[in-house]
Amino acid sequence: MLAVSPTSHTFPGNTTPTGSSRCLNARTESADAERAARSGRACIQESVRPIIAIIGAGPGGLTAARDPRRHGFPVTIYERDASSAARDQGRTLDMQSNSGQIALAAAGLLDEFFARARPKGQDIRIADRHGTIGFEHRTAPDELGNPEIDRGDLRHLPLASLEPGTIAYGKTRDAARPLGDGRHELTFRDGATATVDLLIGADGARSKVRPLLSPAQPVYSGILLVESRIGDIDTAHPALAALVGNGSFSAYGEGKGLIAQRNARGVVRIYATFAAPHDWAASRGLAPNDPEAFRTTLLALYAGWAPELRALLAACDATFIPRPIFALPVPHTWESRPGVTLLGDAAHLLSPATGQGANSAMRDAAALAAAPDLPAAVARYEALMLPRAAEHAAEAGEALANHADPDGPRGLLAQFAALFG
Ligand SMILES: Cc1cc2nc3c(=O)[nH]c(=O)nc-3n(C[C@H](O)[C@H](O)[C@H](O)COP(=O)(O)OP(=O)(O)OC[C@H]3O[C@@H](n4cnc5c(N)ncnc54)[C@H](O)[C@@H]3O)c2cc1C
């Protein structure tokens, strides 16, 4: 929520009193603008108020857009996907009580979250490569700490609450030109432009907004994750369903990991993790549209593992997607500048090992909301967010090493034993 009050806000470069006019260069952003462009006028008349553009409709961008609308400020999310259903949103996420749930509560979405979440998704089983369970946690009936929710269901929460038209789909932002007064002129791939008072980069790992603030680039961790899934596991593979249980099952050994995570509707996501060059799949000629070649290669890689664990790979009924794990340098920081900021993966891409990414993105969005005027909101938000993000990113980097630990799961078991007593 960007809790900008219509009466108290100020924003950079705008000393014009409310009610006067200025240019809005948004050729395709509104019917008025289109008419203005057709009539040859250079600009249209607009009441002065901050125009907020969010690039990216991930969990962070959607949460950030939820409240400015309610406060009457125009906010538009520009999303490159053609629609909210354009691609499989994948995987399950745990929403943590000290992070993502705070943002959901601030956005008034906590009850809806609990209606869709799976508290039992917090069950954990950790085994070695022989299938011997070394740690098991079963969710207590009153344990609501970090329930799981499918990513698509999570996105639906803020999505369903936004006013129609808040999201401009099929809009890939190509460039942002600082106008020198805190405002930015955005250019989209389809030729549209928009001039905005606050540009929020919520455009994920490969953010195109990030270079306005920082030269940092994501760096490959050396650990590759290959993702696939088993559908309808309870009916099609009851023995594997029992192995996975209600939450997550993971096994480690020989510098590799194999993780099975229950999603909603009988789906289990499978992740194979190991140290490898980032182009491991391509260099072997493995393409996602050839699952059999992928499966054969993975089964060979896990040849020394127990048959019931390899059966998880054998049962995958979807493509295998290689996901090299990249992260931004830690700490990633920048000098605050008026009119532009970052949130979520754009600001602090971290390894998924601690399940913090979406939680942090949404927490960022809530923090950005908590100041009464735009320049102060951005500066205060960054002062709060950057150190917190650095802490989470450092933890996530350390945790990632467990997924390719030659002594696995020894280190992980020790950590869980310490955590759960
Ligand atoms: C395997 C795996 C497991 C994970 N598990 C967890 C977990 O359990 N818990 C957790 O909290 N996190 C988890 N994460 C991390 C989480 O998915 C991300 O951190 C989170 O999605 C980041 O949200 P975001 O809104 O910052 O960016 P994204 O979700 O990446 O959204 C960015 C959006 O911007 C759009 N976009 C990008 N560029 C442009 C452009 N130029 N113009 C217009 N639109 C653009 C994209 O299409 C996308 O919709 C996991 C990640 C992985 C890979």
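Any read-out appearing in this document is the output of simple, stated calculations on the displayed coordinates, not a laboratory observation. Just so we're clear, the structure is a prediction, and the values are computed from it rather than from any experiment. Note that we place each Cβ from the backbone using ideal geometry, even for glycine, and neighbour counts take in every protein chain shown.
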For each of His137, His237, count neighbouring Cβ atoms within 10 Å of the residue's Cβ, then give the residues from fewest to most.
His137, His237
Gyration tensor (alpha-carbon) shape descriptor, segment 127-213, a/c threshold 1.5
prolate
Going highest first, how would you order 222-230, 128-136 by mean Cβ packing within 10 Å?
222-230, 128-136
At a Cα cut-off below 21 Å, give the lysines reachable from Lys256, other chains included and same-chain residues fewer than 8 away excluded.
none
Extension gain (nm, one decimal) between Glu335 and Ala239, 0.36 nm per residue minus Cα-Cα
29.2 nm
Expressed in angstrom, Rg and Dmax over the Cα atoms of the chain are 23.0, 73
Straight-line reach from Lys171: which aspartates and glutamates have a Cα under 13 Å away, not including same-chain ones fewer than 8 places off?
Glu29, Glu79, Asp81, Asp190, Asp203
Would you mind working out the magnitude of the charge dipole of segment 323-421 relative to its Cα centre, with +1 at each Lys and Arg C-beta and -1 at each Asp and Glu C-beta, to the nearest 20 Debye?
140
Rg followed by Dmax, in Å, when segment 219-326 is reduced to its Cα trace:
13.3, 41
Gyration tensor (alpha-carbon) shape descriptor, segment 331-376, a/c threshold 1.5
oblate
Given Cβ point charges of +1 (Lys, Arg) and -1 (Asp, Glu) and nothing else, what value in debye, to the nearest 20, does the dipole of the chain about its Cα centre take?
820
What helix-only [θ] at 222 nm does the chain give? Using -39500 (n - 2.57) per DSSP H run of at least 4, over all residues, to the nearest 500, the answer is -9000 deg cm²/dmol
Calculate how steeply helix 374-400 sits against the longest principal axis of the alpha-carbon atoms of the chain, using the helix alpha-carbon long axis, and give the answer as 0 to 90 degrees to the nearest 10.
10
Angle between the Cα long axis of helix 357-369 and the longest principal axis of the chain, 0 to 90 degrees, nearest 10?
20
Any residue on another chain or 5+ positions along whose placed amide H is under 5 Å from the amide H of Ala57 is listed here as Arg80
Measure nothing fancy, just the Cα-based angle from helix 151-161's long axis to the longest principal axis of the chain, in degrees from 0 to 90, nearest 10.
30
Taking θ as phi - 60°, what are the ³J(HN,Hα) couplings along segment 212-222 by the Karplus curve (6.51, -1.76, 1.60), each to the nearest whole Hz, with x for Gly and Pro?
5, 10, 8, x, 5, 10, x, 10, 5, 7, x
